[in-house]
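Working notes, beginning with the structure itself.
The values are calculated or read from the model by the stated rules, or taken from the named source; none is laboratory data. No experiment lies behind these values; they were computed from the predicted model shown. Positions of Cβ are generated from backbone atoms using ideal geometry, with glycine treated the same way; all protein chains shown enter the neighbour counts.
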Amino acid sequence: MKTATENKTYKILSYVVLCIKKFADEFNLSFIEAYRYLENYGGLQFIINHYEIEHTLSINDAIDDMQAICRKNGGLI
């Protein structure tokens, strides 16, 4: 049986993986390319830090938010 912490960690990780996949699909990137881009420009840290809010929004809103953060940090996508 999972602890509450393990369950929350699993939910966050699952959500982050979904966000990377959807970001990759949206911008015609491989999963690895999307991961590296989001990691380099702060999109991953943003989605992790704001999980409590972001997971209540549509996945398209989350993708838009990650894109905006990455652009703010020098990304070109």
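Output the helices (runs of 4 or more DSSP H) that fall wholly within the range 1-51 and possess 2 or more residues being within 12 Å of residue 62 (Cα to Cα), or say none.
Ranges flagged: 4-26, 43-49.
Which residue pairs have Cβ atoms under 8 Å apart, sit 6 or more places apart or on different chains, and have a first residue in the range 1-21 that is free of Cβ contacts under 8 Å to residues at least 40 places away in the same chain and a second that is exposed (fewer than 10 other Cβ atoms within 10 Å of the Cβ)?
Between residues of the range 1-21 that are free of Cβ contacts under 8 Å to residues at least 40 places away in the same chain and residues that are exposed (fewer than 10 other Cβ atoms within 10 Å of the Cβ), the close pairs are 10/2.
Could you check, for the range 17-35, whether at least one of its residues is in contact with a His (Cβ under 7 Å, 6 or more places away or on another chain) and at pLDDT 95 or above?
No, the conditions are met nowhere in the range 17-35.
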